[in-house]
Amino acid sequence: MTTSGKDILDELVTANHILGNEGVVDVFGHVSVRDPQQPDRYFLSCSRSPELVQRSDIMQFTLDSKPIGNDEREAYIERFIHGAIYEARQDVNAVIHSHTDDVLPFTISDRPLGAVMPPAAKIGSRVPVWDIDAHFGDGTDMLVRNHEFGTDLAKTLADGSAVLMRGHGFAVAGSSLAEAVQIAVFLPRNAKILWQALQMGAVKCLSEAEVAVLRKGRGSPRAWEYWAQRAER
Ligand code: MN
């Protein structure tokens, strides 16, 4: 999925605005992109709410999430989610972290979250849940505040597109900003629909075979264009 002839930093600003406008992130949450010129670096805003992010806010980081240069602006505490996923996954070029309410019930209960409809198929038939206390014990503040925590999260993500975080939120990994944004927009919608259906009785999610067919799709370039225009209006 290509988006436009604009450069990657403009695209990252647009991704921030789309995610804010579509309600995937609010005060908190963030989106990054791998540096296409230097794949061992990535771009992410300084600590600011995504809807407010401008091009001048963007910082560059190493994969262990140290800022490049003498950039002393405050960085997001949980930037390690991004660096660790890029380090673990050569195929990933964009990462999103969000705390969307509709996803939270599936991070704290035994009910698995799986895709129920085609636009959400890339989340897979069972999104894994990362529990910070499984490896780092009871008594953390739940935040991915170092590279070691990020690396552990990336292990639970494995080769998937999404990972839930217990009592916290989720992270999404995509081959492009457009793909990651599309997954991050549909993951909470899918969670809400599944939760609603569960109130009605038994549910039938997409099967493994349906997910396998749908995951091969590249997604629709129309989605990015539409959301970007809505966000910048
Ligand atoms: Mn968080």
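The values are calculated or read from the model by the stated rules, or taken from the named source; none is laboratory data. Not measured: the values here are computed from a predicted model. Because the Cβ atoms are built from the backbone with ideal geometry, glycine has one as well, and the counts that use them run over all protein chains shown.
Residues that are assigned to a loop (DSSP other than H, G, I, E, B) and closer than 17 Å to Gly217 by Cβ occur at least once in region 167-176. Screening the candidates Val185, Val203 for the property of being in contact with a Leu (Cβ under 9 Å, 6 or more places away or on another chain) and closer than 27 Å to Ala84 by Cβ yields one hit, Val185.
Looking across Lys155, Lys192, one residue alone is assigned to a helix (DSSP H, G or I), surrounded by fewer than 18 Cβ atoms within 10 Å (Cβ to Cβ), touching an Asp or Glu at 6+ places or on another chain (Cβ under 6 Å) and at pLDDT 95 or above. It is Lys192.
For region 22-112, the strands (runs of 3 or more DSSP E) that sit wholly inside it and include 2 or more residues that are at pLDDT 95 or above, surrounded by 16 or more Cβ atoms within 10 Å (Cβ to Cβ) and away from the ligand (no atom under 13 Å from the Cβ) are 30-34, 41-45, 58-62. Within region 181-192, residues that are over 17 Å from Val211 (Cα atoms) have Cβ atoms under 6 Å from residues that are in a helix (DSSP H, G or I) in these pairs: Val181/Ala15; Val181/Ile18; Pro188/Asp102; Pro188/Val103; Lys192/Asp102, counting only partners at least 6 apart in sequence or on another chain.
Yes/no per residue for (1) under 18 Å from the mean Cα position of the chain (by Cα); (2) under 22 Å from Phe28 (Cα atoms):
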| site | (1), (2) |
| --- | --- |
| Asp71 | no, yes |
| Ala84 | yes, yes |
| Ile96 | yes, yes |
| Asp101 | yes, yes |
| Gly124 | yes, no |
| Trp130 | yes, yes |
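So which of Gly124, Gly169 is under 28 Å from Arg215 (Cβ atoms), away from the ligand (no atom under 15 Å from the Cβ), surrounded by 14 or more Cβ atoms within 10 Å (Cβ to Cβ) and at pLDDT 95 or above? Selected residue: Gly124, the only one of Gly124, Gly169 that is under 28 Å from Arg215 (Cβ atoms), away from the ligand (no atom under 15 Å from the Cβ), surrounded by 14 or more Cβ atoms within 10 Å (Cβ to Cβ) and at pLDDT 95 or above. Only residues that are touching a helix residue (DSSP H, G or I) at 6+ places or on another chain (Cβ under 6 Å) and in a helix (DSSP H, G or I) were counted in region 196-215, giving 3.
Of all residues in region 180-223, those being within 22 Å of Trp130 (Cα to Cα) and either among the acidic types (Asp, Glu) or in contact with a His (Cβ under 8 Å, 6 or more places away or on another chain) (or both) number 1.
Conditions tested, residue by residue: (1) touching a residue at least 24 places away in the same chain (Cβ under 8 Å); (2) more than 19 Å from Glu78 (Cα to Cα); (3) small (Gly, Ala, Ser).
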residue: Leu104; (1), (2), (3): yes, no, no
residue: Ile108; (1), (2), (3): yes, yes, no
residue: Ala120; (1), (2), (3): yes, yes, yes
residue: Ile123; (1), (2), (3): yes, yes, no
residue: Pro128; (1), (2), (3): yes, yes, no
residue: Asp131; (1), (2), (3): yes, no, no
residue: His135; (1), (2), (3): no, no, no
residue: Thr140; (1), (2), (3): no, no, no
residue: Val144; (1), (2), (3): yes, no, no
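For region 131-163, the tally of residues that are under 17 Å from Arg89 (Cα atoms) and in contact with a strand residue (DSSP E or B) (Cβ under 9 Å, 6 or more places away or on another chain) stands at 10.
Per the conditions (1) under 15 Å from the mean Cα position of the chain (by Cα); (2) surrounded by fewer than 21 Cβ atoms within 10 Å (Cβ to Cβ); (3) not in a helix (DSSP H, G or I), the sole criterion not satisfied by Val144 is (2).
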